[in-house]
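Peer 1: I have a structure here, written as structure tokens, and I will follow up with some questions on it.
Every number here is computed from the coordinates shown, using simple stated rules; none is lab data. Only a predicted model underlies this, so the values are computations on that prediction, with no experimental measurement involved. Glycine also receives a Cβ, built like all others from the backbone with ideal geometry; neighbour counts cover every protein chain displayed.
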Amino acid sequence: MKVIKRNGREVPYDKEKIITAIQKANKELPKAEKISDERIDDILTDIESRGRDSMYVEEIQDIIEQRLMDDKKFILAKKYIIYRYTRELVRKANTTDESIMNLIQNRNKDVAEENSNKNASIASTQRDLIAGEVSKDLTRRILLPEKISKAHEEGILHFHDADYFLQSIFNCCLINIKDMLENGTVMNGKLIESPKSFQVACTVMTQIISAVASSQYGGQSVDVRHLGKYLRYSRNKYRKHFKEEFKDSIPEEILEKLVSDRLQDELRSGVQTIQYQINTLMTTNGQSPFVTLFLNLDKEDEYLDENAMIVEEILKQRLEGIKNEKGVYVTPAFPKLVYVLDEHNCLKGGKYDYITKLAVKCSAKRLYPDYISAKKMKENYEGNVFSPMGCRSFLTPWKDENGNYKFEGRFNQGVVSLNLPQIGILAKKDEDTFWKLMDERLELCYEALMCRHYALEGTLSDVSPIHWQYGAIARLKKGEPIDKLLHDGYSTISLGYIGLYEVTKLMTGVSHTDPVGTDFALRVMRHMRAATDRWKKETGIGFGLYGSPAESLCYRFARIDKQRFGDIPDITDKGYYTNSYHVDVREKIDAFSKFDFESQFQSISSGGAISYVEIPNMRHNLQALEEVVKYIYDHIQYAEFNTKSDYCHVCGFDGEIIINENLEWECPNCHNKDHNKMNVTRRTCGYLGENFWNVGKTKEIKARVLHL
């Protein structure tokens, strides 16, 4: 049997530790109050005969206390409880030494791998991670109610971003970049006035992004259409300059050519500034800014022509990639790109279809952009189209005092996610039990979310001037509390969820793609949505249901449940739970059917929803990819493409890794043959799983399912 410690770590069951603990309490008592060795053996038998593969340490201690009470050894029970409490005090006194030392020595893999955007071996990143370990420790021991901490440890829920909970900072936001560019801002006590050209606007925007990222822990999004105004400024500046220089000595068409050439140079330089600044700046969080650029060609935009040029250039430069230290063009992690499909660019003969075709090429080679259907989004958000926040969560519609919708300058207070499969495991197909447990755990999630809200209440604007005083979120006075921005739905707070597929399978015996399963899954989704709507009505706080892309949490919940309940076929034995409402990756379903099926859940999960399909060999399937993009516009609000592609970690080459005459994988760029330093997937059969290697005497190399 395994014993699960309070920190989730598994250790072998050791009865000698139990004997020692009871005997220590026994020694301090008169003979009449002592318990015999035989009775201690009986307690051990009680624990060991329960047939469990694993038990939590608290469960074992509870059994011991109960048996001592049953034997009327009340004084001994009291001594044992005091001993247990004393040990608890010792445990609570300091729990960070080991984790921090392991972090410094690169042995703390959980922390090092939790955020793929952070290099845990760099000193500046380690400084942030060390602070995070201290914050998590204080959050678990002191800041959160014990039942919330225990629920997090047991995988009932997940309290996201505990490593930043100690500070009065929030999750993610939509920067009000329009206000900051038009009205100026302040950074590091220095006034930044409104730009007079496109190049300067791009530079100021990236500096704002960096400053914002350093004072929050989640992602941020920027609507690039606010740059169109400054590209026109530059055009007018060049036109005025050449007019003054040449007066009427050159024809209008030559004048326009000179202006256009100069403008194109500035356009390229400005977009390059955005791309390189975002990828080279290092925030105080020890990573590049987690930023999304929203590419929306709004037909009502007075600067639409300029913004079409900007979006086209952004896509061209993303398609090209960015050079790594070896000088090889690779795919940058940031900025994320979200491209809006509308009537004039949905590949149905629209004016800007050419830009969408470029976006598809970019998706095929660089995975981004993601796609939003303006048509479907307007159906779900009162006729509005707006960017997801950096964490892919969506705000809810909100109107200002003049009745105008406002999205930029708003934010998310935090996230708590619910483990749906665990409820299904405990319910054992009994719906009455299921809904009772569901409501109990939703109430726990509500209490945990309110902890996030209360932690922000009373925060003064001085905590982050760039957010609260200089326009990213608001322009509050110095020393003014931010409380009014936490209420009346201005900001959101999110209930995430994991494993709709698994809980449906547990309760109905079929996938949620089966009509019987679909009915149950929709009831679960509507029940969670009703809870968030009720909380919002009762509190005035913007609760939302968030289909989070929390990939690492899918593994954490599954790992905890496997430790507790063992292997359950098609549930815990896979090693992961399916993210939010998504179709399980092993189901045979085409891209169009997947989008059709998942779209019904997106409208319920309005606080955040993204669907994806994995398409093999995307670079050679452009026509098919265009058909999928065209389909997105009419059928689903938010979607992305995934694929597995070859990649050499030595030189950064991301073309196709070859097999040489010796049946070895070899990078054609740097001739690296170390298979541990490359990712390789062959697409002949469409297999997209993890590779394994079998290099024997014949140098035979195999990948699962696909044999070469």
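Peer 1: So for each of 42-55, 410-423 I average, over its residues, the number of other beta carbons within 10 Å; can you give me the resulting order with the highest mean first?
Peer 2: Per-residue Cβ counts within 10 Å, averaged per peptide and sorted highest first, yield 410-423, 42-55.
Peer 1: Which distance in Å, rounded to a whole number, links the C-alpha centroids of region 154-184 and region 380-441?
Peer 2: What the calculation gives is 16 Å, centre to centre.
Peer 1: Students often forget the sequence filter, so: which lysines lie under 22 Å Cα-Cα from Lys136 once same-chain residues fewer than 8 apart are removed?
Peer 2: Counting by Cα, and skipping residues close in sequence, Lys136 has these lysines nearby: Lys5, Lys92, Lys109, Lys118, Lys147, Lys150.
Peer 1: Give the aspartates and glutamates reachable from Lys536 as a straight Cα distance under 15 Å; neighbours fewer than 8 places away on the same chain don't count.
Peer 2: Glu443, Glu447, Asp488
Peer 1: Cα gyration tensor of region 139-277, axes a ≥ b ≥ c as square roots of the eigenvalues: rounded (a/c below 1.5), prolate (a/b > b/c) or oblate? Kindly include the intermediate steps, with their values, before the conclusion.
Peer 2: Working: a/c = 5.08, a/b = 3.46, b/c = 1.47.
Because a/c hits 1.5 or more and a/b exceeds b/c, region 139-277 counts as prolate.
Peer 1: With each pseudo-label sitting 7 Å past Cα toward Cβ, what's the Ser168-Phe74 distance in nm, one decimal?
Peer 2: It works out to 4.9 nm between the two label points.
Peer 1: Separate question: Cβ under 11 Å from Ser36's Cβ, Ser36 left aside: what net charge do those residues give with Lys, Arg +1 and Asp, Glu -1?
Peer 2: -1
Peer 1: Ok, one more. From the C-alpha gyration tensor of region 454-604, pull out the three semi-axes of the equivalent ellipsoid (sqrt of 5λ each), sorted largest to smallest, in whole Å.
Peer 2: Values for region 454-604, descending: 38, 18, 15 Å.
Peer 1: First measure r as the distance between the Cβ atoms of Asp519 and Asp301, then evaluate 1/(1 + (r/R0)^6) with R0 = 35 Å and state the FRET efficiency to the nearest 0.05.
Peer 2: My answer for the efficiency is 0.25.
Peer 1: For the modelled label position 7 Å from the Cα of Glu325 along Cα-to-Cβ, which residues of region 248-283 have backbone nitrogen atoms closer than 17 Å?
Peer 2: 279-282
Peer 1: Quote the FRET efficiency, to the nearest 0.05, computed for Lys27 versus Asp567 with a Förster distance R0 of 41 Å and r equal to the Cβ-Cβ distance.
Peer 2: Calculated transfer efficiency: 0.45.
Peer 1: Normalised by the empirical 2.2 N^0.38 Å for globular proteins, what value does the Cα Rg of region 520-625 take?
Peer 2: The value comes to 1.29.
Peer 1: Then there's this: Sum up the charges of everything whose Cβ sits under 10 Å from the Cβ of Arg392, counting Lys and Arg as +1 and Asp and Glu as -1, but leave Arg392 out.
Peer 2: -1
Peer 1: For labels at Lys477 and Ser49 in the simple 7 Å Cα→Cβ model, what's the distance in nm?
Peer 2: Between Lys477 and Ser49, the label points sit 7.3 nm apart.
Peer 1: Evaluate E = 1/(1 + (r/R0)^6) for Lys399 and Tyr454, where r is the Cβ-Cβ distance and R0 equals 25 Å; express this FRET efficiency to the nearest 0.05.
Peer 2: FRET efficiency, Lys399 to Tyr454: 0.45.
Peer 1: Here's something else I'd like to know. Once you put a point 7 Å from the Cα of Arg586 and another 7 Å from the Cα of Glu627, both along the Cβ direction, what distance in nm separates them?
Peer 2: 2.9
Peer 1: Here's something else I'd like to know. Near Met525, within a Cβ-to-Cβ distance under 13 Å, what is the net charge of the other residues, with Lys and Arg +1 and Asp and Glu -1?
Peer 2: Net local charge, Met525 excluded: 0.
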